[in-house]
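The values are calculated or read from the model by the stated rules, or taken from the named source; none is laboratory data. Bear in mind that the values here come from a model prediction, so they are computed numbers and not experimental data. Note that each Cβ is placed from the backbone with ideal geometry, even for glycine, and that neighbours are counted across all protein chains shown. Quick note on the areas: whole protein, heavy atoms, side chains included, nothing else; ligands and nucleic acids left out. Shrake-Rupley method; radii C 1.70, N 1.55, O 1.52, S 1.80 Å.
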Amino acid sequence: MSEPSNRRVLVIDDMPSIHDDFRKILAPAQAQSVELDAMEAALFGETAKPVQQKFEMESAYGGEEGLARLIAAMDAQRPFALAFVDMRMPDGWDGAKTIEHLWQKDPKLQVVVCTAYSDYSWDELLERLHAHDRLLILKKPFDNIEVQQMANTLLTKWDMTERASMQMHELEHQVDQRTTQFKQASEALQREIDERKQLEGQLVQSEKLASLGQLAAGVAHEINNPIGFVASNLGALDGYFQQLLEILDAYQVASQTLGAESAAQLQQLREKNELDFLLDDIPSLIRESKDGIGRVGQIVKDLKDFSRVDSQLEWQWADLQQGIDSTLNIVASELKYKADVIKDYQALPEVECLPSQINQVVMNLVVNAAQAMGSERGTITLRTGQQGETAWIEVADNGSGIAPQTLQKIFDPFFTTKPVGQGTGLGLSLSYGIVKKHGGEITVNSELGVGTTFRVELPLRQTRPAA
Ligand SMILES: Nc1ncnc2c1ncn2[C@@H]1O[C@H](COP(=O)(O)OP(=O)(O)OP(=O)(O)O)[C@@H](O)[C@H]1O
Ligand SMILES: [Mg+2]
(Lines give C-alpha, C1' and ligand atoms only; values in the text may rest on other atoms or scores of the structure.)
(Ligands and ions follow the chains in the order given, each with its own letter.)
Protein backbone atom coordinates (compact mmCIF):
# COMPACT_ATOMS: atom_id res chain seq x y z
CA MET A 1 0.00 0.00 0.00
CA SER A 2 1.28 3.49 -0.80
CA GLU A 3 2.19 6.02 1.91
CA PRO A 4 -0.75 8.04 3.26
CA SER A 5 -0.95 11.42 1.54
CA ASN A 6 -1.72 13.38 4.71
CA ARG A 7 0.71 13.09 7.64
CA ARG A 8 -0.53 16.02 9.64
CA VAL A 9 -1.21 15.43 13.32
CA LEU A 10 -2.55 17.90 15.87
CA VAL A 11 -1.85 17.37 19.58
CA ILE A 12 -4.10 19.22 22.04
CA ASP A 13 -2.99 19.04 25.64
CA ASP A 14 -2.52 21.59 28.41
CA MET A 15 0.74 19.97 29.60
CA PRO A 16 3.87 20.99 27.62
CA SER A 17 5.68 17.80 28.69
CA ILE A 18 3.08 15.68 26.92
CA HIS A 19 3.86 17.53 23.67
CA ASP A 20 7.53 16.70 24.12
CA ASP A 21 6.64 13.03 24.57
CA PHE A 22 4.55 13.05 21.39
CA ARG A 23 7.26 14.84 19.45
CA LYS A 24 9.79 12.18 20.48
CA ILE A 25 7.51 9.42 19.29
CA LEU A 26 6.10 11.01 16.12
CA ALA A 27 9.00 13.19 14.96
CA PRO A 28 12.09 11.68 16.65
CA ALA A 29 15.26 13.83 16.71
CA GLN A 30 14.55 14.98 13.25
CA ALA A 31 16.02 18.41 13.60
CA GLN A 32 19.30 16.89 14.73
CA SER A 33 19.51 14.35 11.97
CA VAL A 34 18.77 16.97 9.33
CA GLU A 35 21.58 19.17 10.66
CA LEU A 36 24.01 16.27 10.73
CA ASP A 37 23.15 15.22 7.19
CA ALA A 38 23.66 18.79 5.97
CA MET A 39 27.02 19.01 7.69
CA GLU A 40 28.11 15.65 6.26
CA ALA A 41 27.13 16.85 2.78
CA ALA A 42 29.09 20.10 3.22
CA LEU A 43 32.22 18.27 4.40
CA PHE A 44 32.32 15.30 2.04
CA GLY A 45 30.43 16.63 -0.93
CA GLU A 46 27.70 14.03 -0.77
CA THR A 47 24.17 14.98 -1.46
CA ALA A 48 21.99 14.97 1.60
CA LYS A 49 19.73 11.90 1.93
CA PRO A 50 16.06 12.67 1.73
CA VAL A 51 14.57 12.60 5.21
CA GLN A 52 11.68 10.18 5.58
CA GLN A 53 9.44 12.25 7.80
CA LYS A 54 6.58 10.11 9.00
CA PHE A 55 4.43 12.71 10.76
CA GLU A 56 4.03 16.45 10.74
CA MET A 57 3.03 17.47 14.21
CA GLU A 58 1.50 20.70 15.50
CA SER A 59 0.77 21.60 19.11
CA ALA A 60 -2.12 23.38 20.79
CA TYR A 61 -2.37 23.89 24.56
CA GLY A 62 -6.12 24.18 24.88
CA GLY A 63 -9.37 23.26 23.05
CA GLU A 64 -9.99 26.76 21.65
CA GLU A 65 -6.43 27.04 20.32
CA GLY A 66 -6.76 23.56 18.84
CA LEU A 67 -9.91 24.60 16.97
CA ALA A 68 -8.20 27.78 15.71
CA ARG A 69 -5.29 25.73 14.32
CA LEU A 70 -7.67 23.28 12.69
CA ILE A 71 -9.56 26.11 10.96
CA ALA A 72 -6.34 27.80 9.82
CA ALA A 73 -5.05 24.51 8.44
CA MET A 74 -8.29 23.89 6.55
CA ASP A 75 -8.24 27.43 5.14
CA ALA A 76 -4.70 26.77 3.91
CA GLN A 77 -5.93 23.55 2.25
CA ARG A 78 -3.69 21.54 4.58
CA PRO A 79 -6.17 19.81 6.90
CA PHE A 80 -5.11 17.59 9.78
CA ALA A 81 -5.74 13.87 9.43
CA LEU A 82 -5.51 13.08 13.12
CA ALA A 83 -5.81 14.79 16.50
CA PHE A 84 -4.70 13.52 19.89
CA VAL A 85 -6.95 15.30 22.42
CA ASP A 86 -6.39 15.34 26.16
CA MET A 87 -9.58 14.61 28.09
CA ARG A 88 -8.94 16.76 31.09
CA MET A 89 -7.89 20.35 30.50
CA PRO A 90 -8.66 22.52 33.52
CA ASP A 91 -8.87 25.89 31.66
CA GLY A 92 -11.44 26.28 28.88
CA TRP A 93 -13.07 23.39 26.97
CA ASP A 94 -12.54 19.85 28.15
CA GLY A 95 -11.71 17.06 25.73
CA ALA A 96 -15.32 16.11 24.91
CA LYS A 97 -16.33 19.69 24.09
CA THR A 98 -13.15 20.23 22.07
CA ILE A 99 -13.86 17.12 19.98
CA GLU A 100 -17.44 18.28 19.38
CA HIS A 101 -16.13 21.58 18.00
CA LEU A 102 -13.42 19.93 15.92
CA TRP A 103 -15.89 17.56 14.29
CA GLN A 104 -18.31 20.36 13.62
CA LYS A 105 -15.64 21.97 11.45
CA ASP A 106 -14.08 18.81 10.02
CA PRO A 107 -16.09 15.59 10.27
CA LYS A 108 -13.31 13.64 8.56
CA LEU A 109 -10.78 14.26 11.36
CA GLN A 110 -9.67 11.04 13.11
CA VAL A 111 -9.51 11.52 16.89
CA VAL A 112 -7.70 9.77 19.73
CA VAL A 113 -8.76 10.67 23.26
CA CYS A 114 -5.85 10.74 25.71
CA THR A 115 -6.78 10.16 29.30
CA ALA A 116 -5.36 9.15 32.63
CA TYR A 117 -8.67 9.53 34.32
CA SER A 118 -11.88 11.04 33.04
CA ASP A 119 -15.07 12.73 34.19
CA TYR A 120 -16.95 10.48 31.75
CA SER A 121 -17.22 6.77 31.45
CA TRP A 122 -16.11 5.54 28.00
CA ASP A 123 -19.72 4.68 27.13
CA GLU A 124 -20.93 8.13 28.15
CA LEU A 125 -18.30 9.72 25.96
CA LEU A 126 -19.18 7.62 22.90
CA GLU A 127 -22.86 8.36 23.45
CA ARG A 128 -22.29 12.09 23.79
CA LEU A 129 -20.14 12.36 20.65
CA HIS A 130 -22.20 9.88 18.56
CA ALA A 131 -18.87 8.34 17.70
CA HIS A 132 -18.92 4.60 18.20
CA ASP A 133 -16.80 4.12 15.10
CA ARG A 134 -14.51 7.12 14.94
CA LEU A 135 -12.95 7.49 18.34
CA LEU A 136 -10.03 5.65 19.90
CA ILE A 137 -8.91 5.87 23.49
CA LEU A 138 -5.30 6.10 24.62
CA LYS A 139 -4.60 5.56 28.28
CA LYS A 140 -1.82 7.57 29.91
CA PRO A 141 1.02 6.84 30.37
CA PHE A 142 1.44 5.89 26.71
CA ASP A 143 3.31 3.09 25.17
CA ASN A 144 5.44 4.51 22.31
CA ILE A 145 4.75 1.70 19.89
CA GLU A 146 1.04 1.90 20.59
CA VAL A 147 0.99 5.64 19.78
CA GLN A 148 2.95 5.12 16.57
CA GLN A 149 0.72 2.28 15.43
CA MET A 150 -2.41 4.24 16.23
CA ALA A 151 -1.13 7.21 14.27
CA ASN A 152 -0.13 5.02 11.33
CA THR A 153 -3.42 3.19 11.21
CA LEU A 154 -5.55 6.30 11.57
CA LEU A 155 -3.65 8.22 8.88
CA THR A 156 -4.21 5.28 6.54
CA LYS A 157 -7.88 5.24 7.50
CA TRP A 158 -8.16 9.00 6.79
CA ASP A 159 -6.50 8.45 3.44
CA MET A 160 -8.78 5.59 2.47
CA THR A 161 -11.87 7.52 3.51
CA GLU A 162 -10.66 10.47 1.45
CA ARG A 163 -10.07 8.31 -1.60
CA ALA A 164 -13.44 6.59 -1.19
CA SER A 165 -15.16 9.95 -1.01
CA MET A 166 -13.29 11.17 -4.12
CA GLN A 167 -14.32 8.04 -5.96
CA MET A 168 -17.85 8.57 -4.77
CA HIS A 169 -17.72 12.12 -6.13
CA GLU A 170 -16.36 10.85 -9.42
CA LEU A 171 -19.12 8.25 -9.56
CA GLU A 172 -21.78 10.82 -8.78
CA HIS A 173 -20.33 13.04 -11.48
CA GLN A 174 -20.48 10.17 -13.97
CA VAL A 175 -24.05 9.37 -12.96
CA ASP A 176 -24.93 13.05 -13.44
CA GLN A 177 -23.30 13.03 -16.85
CA ARG A 178 -25.12 9.89 -17.90
CA THR A 179 -28.40 11.27 -16.60
CA THR A 180 -27.88 14.42 -18.67
CA GLN A 181 -27.08 12.33 -21.73
CA PHE A 182 -30.20 10.26 -21.14
CA LYS A 183 -32.28 13.39 -20.75
CA GLN A 184 -30.89 14.87 -23.95
CA ALA A 185 -31.51 11.63 -25.81
CA SER A 186 -35.07 11.44 -24.58
CA GLU A 187 -35.67 15.09 -25.45
CA ALA A 188 -34.31 14.48 -28.94
CA LEU A 189 -36.59 11.47 -29.22
CA GLN A 190 -39.56 13.53 -28.06
CA ARG A 191 -38.70 16.21 -30.64
CA GLU A 192 -38.55 13.57 -33.32
CA ILE A 193 -41.90 12.17 -32.24
CA ASP A 194 -43.38 15.69 -32.30
CA GLU A 195 -41.94 16.35 -35.74
CA ARG A 196 -43.28 13.07 -37.02
CA LYS A 197 -46.69 13.82 -35.56
CA GLN A 198 -46.63 17.22 -37.21
CA LEU A 199 -45.63 15.71 -40.53
CA GLU A 200 -48.40 13.15 -40.24
CA GLY A 201 -50.83 15.93 -39.39
CA GLN A 202 -49.60 17.93 -42.35
CA LEU A 203 -50.01 14.94 -44.60
CA VAL A 204 -53.53 14.25 -43.40
CA GLN A 205 -54.38 17.93 -43.75
CA SER A 206 -52.92 18.24 -47.23
CA GLU A 207 -54.58 15.01 -48.35
CA LYS A 208 -57.84 16.32 -46.99
CA LEU A 209 -57.30 19.58 -48.81
CA ALA A 210 -56.31 17.87 -52.01
CA SER A 211 -59.38 15.67 -52.04
CA LEU A 212 -61.54 18.60 -51.01
CA GLY A 213 -59.97 20.59 -53.81
CA GLN A 214 -60.62 17.83 -56.30
CA LEU A 215 -64.17 17.49 -55.13
CA ALA A 216 -64.67 21.24 -55.35
CA ALA A 217 -63.11 21.40 -58.78
CA GLY A 218 -65.24 18.46 -59.97
CA VAL A 219 -68.43 20.01 -58.62
CA ALA A 220 -67.46 23.38 -60.02
CA HIS A 221 -66.89 21.88 -63.42
CA GLU A 222 -70.24 20.05 -63.36
CA ILE A 223 -72.09 23.13 -62.21
CA ASN A 224 -70.36 25.39 -64.68
CA ASN A 225 -72.18 23.90 -67.67
CA PRO A 226 -75.74 24.30 -66.40
CA ILE A 227 -74.83 27.75 -65.05
CA GLY A 228 -73.65 28.62 -68.51
CA PHE A 229 -76.85 27.65 -70.30
CA VAL A 230 -79.16 28.94 -67.57
CA ALA A 231 -77.38 32.30 -67.74
CA SER A 232 -77.48 32.40 -71.50
CA ASN A 233 -81.14 31.27 -71.56
CA LEU A 234 -82.00 34.00 -69.10
CA GLY A 235 -80.34 36.49 -71.40
CA ALA A 236 -82.34 35.17 -74.35
CA LEU A 237 -85.54 35.11 -72.29
CA ASP A 238 -85.02 38.75 -71.39
CA GLY A 239 -84.68 39.59 -75.06
CA TYR A 240 -87.74 37.53 -76.07
CA PHE A 241 -89.77 39.15 -73.36
CA GLN A 242 -88.93 42.60 -74.73
CA GLN A 243 -90.13 41.38 -78.14
CA LEU A 244 -93.32 40.00 -76.66
CA LEU A 245 -93.93 43.32 -74.92
CA GLU A 246 -93.61 45.07 -78.21
CA ILE A 247 -96.15 42.72 -79.81
CA LEU A 248 -98.46 43.05 -76.81
CA ASP A 249 -98.35 46.82 -77.13
CA ALA A 250 -99.32 46.48 -80.81
CA TYR A 251 -102.25 44.17 -79.90
CA GLN A 252 -103.28 46.67 -77.23
CA VAL A 253 -103.51 49.44 -79.79
CA ALA A 254 -105.30 47.14 -82.29
CA SER A 255 -107.85 46.02 -79.64
CA GLN A 256 -109.28 49.54 -79.54
CA THR A 257 -110.69 48.93 -83.04
CA LEU A 258 -112.54 45.74 -81.92
CA GLY A 259 -116.23 45.57 -81.13
CA ALA A 260 -117.42 46.26 -77.57
CA GLU A 261 -118.04 42.59 -76.82
CA SER A 262 -114.56 41.46 -77.86
CA ALA A 263 -113.02 44.40 -76.03
CA ALA A 264 -114.85 43.42 -72.84
CA GLN A 265 -113.70 39.83 -73.24
CA LEU A 266 -110.11 40.92 -73.64
CA GLN A 267 -110.38 43.20 -70.64
CA GLN A 268 -111.78 40.35 -68.61
CA LEU A 269 -108.97 38.04 -69.67
CA ARG A 270 -106.43 40.72 -68.89
CA GLU A 271 -107.79 41.21 -65.39
CA LYS A 272 -108.08 37.50 -64.72
CA ASN A 273 -104.44 36.93 -65.53
CA GLU A 274 -103.29 40.12 -63.84
CA LEU A 275 -101.49 41.27 -66.95
CA ASP A 276 -100.25 44.51 -65.33
CA PHE A 277 -98.70 42.54 -62.50
CA LEU A 278 -97.08 40.08 -64.90
CA LEU A 279 -95.63 42.90 -66.96
CA ASP A 280 -94.21 44.36 -63.84
CA ASP A 281 -93.01 41.14 -62.23
CA ILE A 282 -91.52 39.20 -65.11
CA PRO A 283 -88.63 41.63 -65.69
CA SER A 284 -87.72 41.64 -62.01
CA LEU A 285 -87.93 37.83 -61.89
CA ILE A 286 -85.55 37.67 -64.80
CA ARG A 287 -83.27 40.24 -63.20
CA GLU A 288 -83.20 38.38 -59.89
CA SER A 289 -82.56 35.07 -61.61
CA LYS A 290 -79.71 36.59 -63.57
CA ASP A 291 -78.34 37.99 -60.35
CA GLY A 292 -78.67 34.63 -58.59
CA ILE A 293 -77.02 32.70 -61.35
CA GLY A 294 -74.25 35.31 -61.40
CA ARG A 295 -73.62 34.68 -57.71
CA VAL A 296 -73.56 30.93 -58.21
CA GLY A 297 -71.03 31.53 -60.96
CA GLN A 298 -68.89 33.63 -58.60
CA ILE A 299 -68.97 30.94 -55.89
CA VAL A 300 -67.88 28.33 -58.39
CA LYS A 301 -65.11 30.60 -59.54
CA ASP A 302 -64.00 31.21 -55.93
CA LEU A 303 -64.02 27.49 -55.27
CA LYS A 304 -61.83 26.94 -58.28
CA ASP A 305 -59.54 29.80 -57.33
CA PHE A 306 -59.30 28.58 -53.80
CA SER A 307 -58.52 24.98 -54.51
CA ARG A 308 -56.52 25.46 -57.69
CA VAL A 309 -56.19 21.72 -57.94
CA ASP A 310 -54.86 21.80 -61.41
CA SER A 311 -51.85 23.89 -60.44
CA GLN A 312 -51.56 23.06 -56.81
CA LEU A 313 -47.85 23.10 -56.30
CA GLU A 314 -46.68 25.45 -58.98
CA TRP A 315 -45.09 28.75 -58.13
CA GLN A 316 -47.14 31.41 -59.82
CA TRP A 317 -47.42 35.16 -59.97
CA ALA A 318 -50.68 35.86 -58.18
CA ASP A 319 -52.81 38.75 -57.04
CA LEU A 320 -52.90 38.35 -53.24
CA GLN A 321 -55.93 40.58 -52.81
CA GLN A 322 -57.95 38.53 -55.25
CA GLY A 323 -56.96 35.41 -53.29
CA ILE A 324 -58.01 37.04 -50.03
CA ASP A 325 -61.37 37.99 -51.52
CA SER A 326 -62.03 34.46 -52.79
CA THR A 327 -61.09 33.09 -49.40
CA LEU A 328 -63.41 35.54 -47.63
CA ASN A 329 -66.26 34.38 -49.87
CA ILE A 330 -65.53 30.76 -48.98
CA VAL A 331 -65.66 31.45 -45.24
CA ALA A 332 -68.47 34.00 -45.49
CA SER A 333 -70.93 31.75 -43.67
CA GLU A 334 -68.45 31.31 -40.81
CA LEU A 335 -68.12 35.09 -40.43
CA LYS A 336 -71.69 36.15 -41.07
CA TYR A 337 -72.95 36.12 -37.49
CA LYS A 338 -69.67 36.91 -35.76
CA ALA A 339 -67.94 39.88 -37.28
CA ASP A 340 -67.94 42.62 -39.86
CA VAL A 341 -65.08 42.51 -42.31
CA ILE A 342 -63.22 45.69 -43.18
CA LYS A 343 -60.83 45.71 -46.11
CA ASP A 344 -58.00 48.19 -46.12
CA TYR A 345 -55.93 47.26 -49.16
CA GLN A 346 -53.01 49.18 -50.56
CA ALA A 347 -51.93 48.57 -54.13
CA LEU A 348 -49.85 45.39 -54.42
CA PRO A 349 -47.92 43.97 -57.34
CA GLU A 350 -48.31 40.29 -58.13
CA VAL A 351 -46.40 38.04 -55.79
CA GLU A 352 -44.59 34.85 -56.72
CA CYS A 353 -46.15 32.22 -54.49
CA LEU A 354 -48.16 29.02 -54.16
CA PRO A 355 -51.56 30.76 -54.28
CA SER A 356 -53.68 27.94 -52.89
CA GLN A 357 -51.39 27.65 -49.89
CA ILE A 358 -51.39 31.38 -49.20
CA ASN A 359 -55.20 31.23 -49.40
CA GLN A 360 -55.02 28.46 -46.83
CA VAL A 361 -53.00 30.70 -44.49
CA VAL A 362 -55.47 33.58 -44.86
CA MET A 363 -58.36 31.22 -44.23
CA ASN A 364 -56.77 29.91 -41.01
CA LEU A 365 -56.14 33.44 -39.75
CA VAL A 366 -59.62 34.69 -40.62
CA VAL A 367 -61.36 31.66 -39.09
CA ASN A 368 -59.25 32.00 -35.92
CA ALA A 369 -60.18 35.69 -35.74
CA ALA A 370 -63.88 34.85 -36.08
CA GLN A 371 -63.59 32.14 -33.44
CA ALA A 372 -61.95 34.61 -31.05
CA MET A 373 -65.09 36.75 -30.94
CA GLY A 374 -67.24 36.59 -27.84
CA SER A 375 -70.99 37.05 -27.73
CA GLU A 376 -70.69 40.55 -29.17
CA ARG A 377 -70.26 41.08 -32.88
CA GLY A 378 -66.68 42.06 -33.63
CA THR A 379 -64.60 43.45 -36.45
CA ILE A 380 -61.99 41.73 -38.57
CA THR A 381 -59.74 44.07 -40.52
CA LEU A 382 -57.73 42.85 -43.49
CA ARG A 383 -54.87 45.05 -44.58
CA THR A 384 -52.32 44.60 -47.32
CA GLY A 385 -49.30 46.59 -48.34
CA GLN A 386 -45.84 46.59 -49.78
CA GLN A 387 -42.57 47.44 -48.11
CA GLY A 388 -39.53 47.31 -50.35
CA GLU A 389 -39.32 43.84 -51.83
CA THR A 390 -41.87 42.44 -49.40
CA ALA A 391 -45.63 42.18 -49.54
CA TRP A 392 -47.53 42.01 -46.27
CA ILE A 393 -50.99 40.94 -45.18
CA GLU A 394 -52.46 41.70 -41.76
CA VAL A 395 -55.49 40.04 -40.19
CA ALA A 396 -56.54 42.01 -37.13
CA ASP A 397 -59.42 41.25 -34.79
CA ASN A 398 -60.88 42.80 -31.66
CA GLY A 399 -61.61 39.43 -30.09
CA SER A 400 -60.43 37.76 -26.90
CA GLY A 401 -56.69 38.34 -27.35
CA ILE A 402 -54.03 35.82 -26.31
CA ALA A 403 -52.43 35.55 -22.86
CA PRO A 404 -48.63 36.13 -22.90
CA GLN A 405 -47.87 32.64 -21.58
CA THR A 406 -50.01 31.13 -24.35
CA LEU A 407 -48.50 33.27 -27.07
CA GLN A 408 -45.29 31.22 -27.27
CA LYS A 409 -47.21 28.04 -27.94
CA ILE A 410 -49.74 28.99 -30.59
CA PHE A 411 -47.52 27.92 -33.50
CA ASP A 412 -46.87 24.49 -31.91
CA PRO A 413 -48.57 21.65 -33.72
CA PHE A 414 -51.66 20.40 -31.89
CA PHE A 415 -51.73 23.35 -29.51
CA THR A 416 -55.32 24.46 -29.15
CA THR A 417 -57.44 26.12 -26.50
CA LYS A 418 -60.62 25.17 -28.31
CA PRO A 419 -62.99 22.45 -27.16
CA VAL A 420 -62.36 18.92 -28.36
CA GLY A 421 -63.74 18.52 -31.85
CA GLN A 422 -63.58 22.23 -32.65
CA GLY A 423 -59.86 22.76 -33.06
CA THR A 424 -57.10 20.42 -34.10
CA GLY A 425 -54.45 22.99 -33.21
CA LEU A 426 -52.88 22.59 -36.64
CA GLY A 427 -54.04 25.79 -38.33
CA LEU A 428 -51.21 28.06 -37.22
CA SER A 429 -48.47 25.44 -37.34
CA LEU A 430 -49.34 24.64 -40.95
CA SER A 431 -49.58 28.35 -41.76
CA TYR A 432 -46.15 28.86 -40.21
CA GLY A 433 -44.73 26.07 -42.37
CA ILE A 434 -46.27 27.52 -45.53
CA VAL A 435 -44.99 31.05 -44.84
CA LYS A 436 -41.50 29.69 -44.06
CA LYS A 437 -41.56 27.74 -47.32
CA HIS A 438 -42.12 31.07 -49.08
CA GLY A 439 -39.10 32.55 -47.28
CA GLY A 440 -41.47 34.82 -45.35
CA GLU A 441 -42.33 35.60 -41.74
CA ILE A 442 -45.48 35.28 -39.70
CA THR A 443 -45.68 37.34 -36.51
CA VAL A 444 -48.34 38.04 -33.94
CA ASN A 445 -49.21 40.91 -31.68
CA SER A 446 -51.88 40.41 -29.08
CA GLU A 447 -53.33 41.93 -25.96
CA LEU A 448 -55.68 40.04 -23.72
CA GLY A 449 -59.20 41.48 -23.92
CA VAL A 450 -58.24 43.88 -26.71
CA GLY A 451 -57.49 41.82 -29.79
CA THR A 452 -54.92 40.15 -31.98
CA THR A 453 -53.08 41.04 -35.17
CA PHE A 454 -51.31 38.46 -37.31
CA ARG A 455 -48.92 39.76 -39.94
CA VAL A 456 -47.65 37.70 -42.86
CA GLU A 457 -44.69 39.00 -44.83
CA LEU A 458 -43.79 37.46 -48.17
CA PRO A 459 -40.94 38.25 -50.53
CA LEU A 460 -42.30 39.52 -53.84
CA ARG A 461 -40.17 37.03 -55.74
CA GLN A 462 -38.65 33.70 -54.83
CA THR A 463 -34.91 33.29 -54.91
CA ARG A 464 -34.20 29.73 -55.94
CA PRO A 465 -30.83 28.09 -55.99
CA ALA A 466 -29.27 28.29 -59.46
CA ALA A 467 -29.98 25.16 -61.44
N1 LIG B 1 -56.97 35.55 -33.44
C2 LIG B 1 -56.84 34.82 -32.32
N3 LIG B 1 -57.33 35.29 -31.14
C4 LIG B 1 -57.19 34.57 -30.00
N5 LIG B 1 -56.55 33.38 -29.92
C6 LIG B 1 -56.04 32.87 -31.06
C7 LIG B 1 -56.14 33.56 -32.32
N8 LIG B 1 -55.52 32.81 -33.25
C9 LIG B 1 -55.06 31.72 -32.62
N10 LIG B 1 -55.37 31.74 -31.30
C11 LIG B 1 -54.99 30.74 -30.30
O12 LIG B 1 -54.02 29.87 -30.85
C13 LIG B 1 -54.45 28.52 -30.77
C14 LIG B 1 -53.90 27.74 -31.93
O15 LIG B 1 -54.49 28.16 -33.14
P16 LIG B 1 -54.55 27.17 -34.38
O17 LIG B 1 -55.19 27.86 -35.50
O18 LIG B 1 -53.20 26.61 -34.59
O19 LIG B 1 -55.44 25.98 -33.83
P20 LIG B 1 -57.00 25.99 -33.53
O21 LIG B 1 -57.64 27.18 -34.15
O22 LIG B 1 -57.18 25.81 -32.09
O23 LIG B 1 -57.46 24.68 -34.27
P24 LIG B 1 -57.65 24.48 -35.89
O25 LIG B 1 -57.05 25.70 -36.54
O26 LIG B 1 -56.86 23.25 -36.18
O27 LIG B 1 -59.09 24.36 -36.08
C28 LIG B 1 -55.94 28.60 -30.70
O29 LIG B 1 -56.51 27.47 -30.05
C30 LIG B 1 -56.16 29.89 -29.89
O31 LIG B 1 -56.00 29.63 -28.52
MG1 LIG C 1 -57.25 27.69 -36.22
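Just a few scattered comments:
- Residues in the range 373-387 that are within 16 Å of LEU335 (Cβ to Cβ) and surrounded by fewer than 22 Cβ atoms within 10 Å (Cβ to Cβ): MET373, GLY374, SER375, GLU376, ARG377, GLY378, THR379, THR381.
Here's the yes/no breakdown for (1) more than 59 Å from the chain's Cα centre (by Cα); (2) in contact (Cβ under 8 Å) with a residue 12 or more places away in the chain; (3) farther than 30 Å from ASP20 by Cβ:
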site: ILE137; (1), (2), (3): yes, yes, no
site: ILE145; (1), (2), (3): yes, no, no
site: TRP158; (1), (2), (3): no, yes, no
site: ALA188; (1), (2), (3): no, no, yes
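- Qualifying residue in the range 310-324 (condition: touching a Pro at 6+ places or on another chain (Cβ under 9 Å), in contact (Cβ under 8 Å) with a residue 24 or more places away in the chain and aliphatic (A, V, I, L, M)): yes
- Only one entry in ASP159, ASP176, ASP194 is open to solvent by less than 50 Å² (accessible area, probe 1.4 Å) and outside the structural domain of PHE84 (by TED's automatic domain parsing), namely ASP159.
- Every condition in (1) open to solvent by 80 Å² or more (accessible area, probe 1.4 Å); (2) away from ligand 1 (no atom under 12 Å from the Cβ); (3) over 30 Å from ILE193 (Cα atoms) holds for LEU448 except the one numbered (2).
- If you go through the range 394-417 and keep only what is farther than 25 Å from THR384 by Cβ and more than 7 Å from ligand 1 (Cβ to nearest atom), you end up with ALA403, PRO404, GLN405, GLN408, LYS409, ASP412, PRO413, PHE414.
- Residues that are touching an Asp or Glu at 6+ places or on another chain (Cβ under 8 Å) and within 12 Å of ligand 2 (Cβ to nearest atom) number at least 1 in the following strands (runs of 3 or more DSSP E) confined to the range 388-459: 451-459.
- Out of VAL351, VAL362, sole residue that is open to solvent by less than 50 Å² (accessible area, probe 1.4 Å), more than 16 Å from ligand 1 (Cβ to nearest atom), within 21 Å of GLU389 (Cα to Cα) and in contact (Cβ under 8 Å) with a residue 12 or more places away in the chain: VAL351
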